[in-house]
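Student: Take this structure, written in structure tokens, and hold onto it; I'll ask about it next.
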Amino acid sequence: MTYFDGRNTTLMMDEYELTMASAYYLDENMRNREAAFSVFFRRVPDGGAYAIFAGVEQVIDYLNDMRFDDDDIAYLESQNKYAPEFLEWLRTFKFKGSMQYVPEGTIVY
């Protein structure tokens, strides 16, 4: 099931993730090494002591649909933060990782 109606939501991420991906890509010793990134929330809504884990399907859809189209590349290029070879690599990027997560509905603290 796709939750994003075909819209490209790839750039709905923390810029830190792109900065780190760029650093890994540009370093020949790091380019093909495994890296770990997290999806998390900072605090429980309403000041509660716990939350119920939900939304893993949306995260999986986001990762599987991740793509950098011409508009995304043009925007990133306009930021003058990323090397041209990294931006070219993003054009063909496809998520190939794995995920670890607690089961949907788990109480988390």
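The values are calculated or read from the model by the stated rules, or taken from the named source; none is laboratory data. Predicted, not measured: the structure shown is a model, and the values here were computed from it. When we count neighbours, we look across all protein chains shown, and the Cβ atoms used for this are built from the backbone with ideal geometry, even at glycine. Just the protein is used for accessible areas: all its heavy atoms, side chains included, with ligands, DNA and RNA removed. Shrake-Rupley method; radii C 1.70, N 1.55, O 1.52, S 1.80 Å.
Student: Among the residues of segment 33-59 satisfying the criterion of being at pLDDT 85 or above and hydrophobic (A, V, I, L, M, F, W, C), which is most open to solvent (accessible area, probe 1.4 Å)?
Tutor: Within segment 33-59, the match that is most open to solvent (accessible area, probe 1.4 Å) is ILE52.
Student: Could you please find all residues in segment 46-96 being under 16 Å from the mean Cα position of the chain (by Cα) and aliphatic (A, V, I, L, M)?
Tutor: Result: VAL56, VAL59, ILE60, LEU63, MET66, ILE73, LEU76, LEU87, LEU90.
Student: I've got another one for you. Tell me whether segment 16-32 contains one or more residues that are at negative phi, modelled with pLDDT of 90 or more, assigned to a loop (DSSP other than H, G, I, E, B) and more than 12 Å from the chain's Cα centre (by Cα).
Tutor: Yes, segment 16-32 contains a residue that is at negative phi, modelled with pLDDT of 90 or more, assigned to a loop (DSSP other than H, G, I, E, B) and more than 12 Å from the chain's Cα centre (by Cα).
Student: Further question on the same structure: Show the residue pairs that are 6+ apart or on different chains and have beta-carbon atoms under 7 Å apart, the first residue being within segment 48-73 and hydroxyl-bearing (Ser, Thr, Tyr), the second being at pLDDT 90 or above.
Tutor: Between residues of segment 48-73 that are hydroxyl-bearing (Ser, Thr, Tyr) and residues that are at pLDDT 90 or above, the close pairs are TYR50/ILE107.
Student: Take the residues of segment 85-109 that are aromatic (Phe, Trp, Tyr) and surrounded by 10 or more Cβ atoms within 10 Å (Cβ to Cβ): which is farthest from MET66 (Cα to Cα)?
Tutor: TYR101
Student: Going through segment 64-95 one residue at a time, which ones are farther than 11 Å from LEU11 by Cβ and among the hydrophobic types (A, V, I, L, M, F, W, C)?
Tutor: ALA74, ALA83, PHE86, LEU87, TRP89, PHE93, PHE95
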